[in-house]
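Report on the structure given below.
The values are calculated or read from the model by the stated rules, or taken from the named source; none is laboratory data. Since this is a predicted model, take the numbers as computed values, not measurements. Here the Cβ positions follow ideal geometry from the backbone for every residue, glycine too, while neighbour counts run over all protein chains shown. When the accessible area is computed, the model is the full protein with side chains, heavy atoms only, and any ligands, DNA or RNA have been set aside. Shrake-Rupley method; radii C 1.70, N 1.55, O 1.52, S 1.80 Å.
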Amino acid sequence: MNKSTFKNGLASGLKTTWTLGKIIFPITFIVTVLKYTPILDWIVKIIAPMMKLIGLSGEAAIPLVVGNFLNLYAGIGAILSLDLTVKEVFILAVMLSFSHNILVETSVAVKVGVKMWVILLVRFGLAIVSAFVINLVWKGGGEIAQYGFVSKQTEAVEGIIPIILEGLQKASFGILQLALIVIPLMIIIQMVRDLKWMELFSKKMAPVTRLLGMKENTSPTLVTGLVIGLAYGAGVMIQAVKEDGVSKKDATLAFIFLVACHAVVEDTLIFLPLGIPILPLFLIRLVTAFVLTMVVAYVWKRVEMAKREEITYEA
């Protein structure tokens, strides 16, 4: 790796960290502070009556709210503190796999150029529909879940200053964690670009991207999101849209796929402590991602063809 590659990759990594940091820092700080206010409790009370429709008890609203406002780890922490059935835990795991960290990851999608309503509709829609189907199909799982490992819960802080300090600490740690992942990743991506490996990689992924209705240059975005997730993979996605000529259509299709199935290793394995079968969880996400993206791509193509025919007819 020569100096130019390292310098360009470092510059790209720092720029991306700054771009994403402006989103992640304030959101993390605000949500951390909100935990110590009645706001989250109010939201839980509003959602609780609807839980029965998807086979969940009222208290199951807590991990859903926490997981969507914060992240999967927070949602799982909330589940571990409740006495829920295996079926309830599995439904929550599937829902949170589709819909979590909604503020940060939606902001990232908008930054890439995807419309906010599309991401929100897909994520919440998949979460609700999947829960309804599982509750309808699965008749078992009535026994109380036995958690394999319970992490120690940190004590809640008291007082305005300690709460603000905790918010600043978590937000700062989030940026540091982001930088430690994004900067080396962008240097590697730059090296891959300079060595012309990206073209070869795109060709290898071409059958998959074509199957999903996207062009070959979308492959780095897909693989990055699948491996490290939406929030941390956003750096590559943003750069791909700018430098690789990824169209808004392909970026939208890629995000539709990734909101259903991203960070497949981490986001699947972290559910192990809940004592639920993780293979079905993984397959549900993967199959849903492929089917949904192909359907949307087909409909999009038909709409585009209809518009072109209409223009031709008018001419």
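Quick look at the numbers
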quantity	calculated
First in the range 73-88 and over 10 Å from residue 63 (Cα atoms) and touching a residue at least 60 places away in the same chain (Cβ under 8 Å), second anywhere and among the small types (Gly, Ala, Ser) and surrounded by 19 or more Cβ atoms within 10 Å (Cβ to Cβ), Cβ under 7 Å, 6 or more apart	84/60; 84/145; 85/145; 86/145
Single residue of the range 185-228 satisfying the filter (touching a Pro at 6+ places or on another chain (Cβ under 9 Å) and over 22 Å from residue 259 (Cα atoms)) that is surrounded by the most Cβ atoms within 10 Å (Cβ to Cβ)	189
Test result for residue 85, buried (at least 23 other Cβ atoms within 10 Å of the Cβ) and either within 23 Å of residue 134 (Cβ to Cβ) or under 21 Å from the mean Cα position of the chain (by Cα) (or both)	no
Per-region count, the range 259-269, residues open to solvent by less than 50 Å² (accessible area, probe 1.4 Å) and out of contact with any Gly (no Cβ under 6 Å at 6 or more places or on another chain)	6
Filter result (β-branched (Val, Ile, Thr) and touching a residue at least 12 places away in the same chain (Cβ under 8 Å)) within the range 111-140	112, 114, 118, 119, 122, 128, 134
Of all residues in the range 26-44 being of a type outside the set (Val, Ile, Thr) and modelled with pLDDT of 80 or more, the one that is surrounded by the fewest Cβ atoms within 10 Å (Cβ to Cβ)	38
Residue, surrounded by the most Cβ atoms within 10 Å (Cβ to Cβ), within the range 287-298, restricted to residues that are among the aliphatic types (A, V, I, L, M) and within 16 Å of residue 253 (Cβ to Cβ)	289
Matching option when the condition is within 30 Å of residue 138 (Cβ to Cβ), at pLDDT 85 or above, part of a helix (DSSP H, G or I) and open to solvent by 30 Å² or more (accessible area, probe 1.4 Å), among 10, 53	53
Index of the failed condition, residue 22 passing every other in (1) crowded, with 16+ Cβ neighbours inside 10 Å; (2) under 24 Å from residue 106 (Cβ atoms)	(1)
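Yes or no, residue by residue, for (1) closer than 18 Å to residue 127 by Cα; (2) modelled with pLDDT under 95; (3) open to solvent by less than 50 Å² (accessible area, probe 1.4 Å):
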residue: 271; (1), (2), (3): yes, yes, yes
residue: 274; (1), (2), (3): no, yes, yes
residue: 283; (1), (2), (3): yes, yes, no
residue: 300; (1), (2), (3): no, yes, no
residue: 303; (1), (2), (3): no, yes, no
residue: 308; (1), (2), (3): no, yes, no
residue: 311; (1), (2), (3): no, yes, no
residue: 314; (1), (2), (3): no, yes, no
